[in-house]
């Protein structure tokens with residue numbers, strides 16, 4: 001039984017009766033006529049190398065002269081960002097995310113599992129702002 005999956009916009013240029021010069025195969029979810037277009041193959045294999053700024057923290061500690069009037073020993077302001085930038089030529093949403101792993105293609109929740117990218121949502125970009133006070 002066919003299960004719906006995310007597709008790239010490249011499938012909008014798929015083969016049709018009116019678009020016979022396309023290099024994208026026609027949809028054939030039931031594998032009729034021995035086309036096997038929904039079978040896993042190396043047709044869409046691409047280089048998935050990337051460089052990612054995974055985590056970065058910027059912090060500032062106030063000078064002691066400023067803290068004396070507030071009777072504080074230390075004040076540190078910081079902001080941390082996760083998944084800030086990804087540099088890649090990979091056409092999918094995230095080169096680090098995959099759908100399947102293992103030998104029997106069971107669904108794997110790990111984003112480090114090798115396999116097939118069915119358009120799984122990319123990792124969220126997050127920011128944390130904080131203040132550390134020492135009395």
Item to check | Qualifying positions in the range 31-62 - at pLDDT below 85, more than 19 Å from residue 96 (Cα to Cα) and surrounded by 11 or more Cβ atoms within 10 Å (Cβ to Cβ) | outcome: 31, 35, 36, 37, 38, 40
Next on the checklist: Restricting to the range 72-112, name every residue that is surrounded by 14 or more Cβ atoms within 10 Å (Cβ to Cβ), at pLDDT below 55 and part of a loop (DSSP other than H, G, I, E, B).
Outcome noted: 108
Checklist entry - Since residue 65 meets every condition but one in (1) at pLDDT below 90; (2) in contact with a strand residue (DSSP E or B) (Cβ under 8 Å, 6 or more places away or on another chain); (3) not in a loop (DSSP other than H, G, I, E, B), which condition does it not meet? => result (2)
Item to check | Subset of the range 6-30 [surrounded by fewer than 12 Cβ atoms within 10 Å (Cβ to Cβ) and modelled with pLDDT under 75] | outcome: 29, 30
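The values are calculated or read from the model by the stated rules, or taken from the named source; none is laboratory data. Computed from a prediction, not measured in an experiment: that's the story for all the values here. Here the Cβ is made from the backbone with ideal geometry for all residues, glycine too, and neighbour counts use every protein chain on show.
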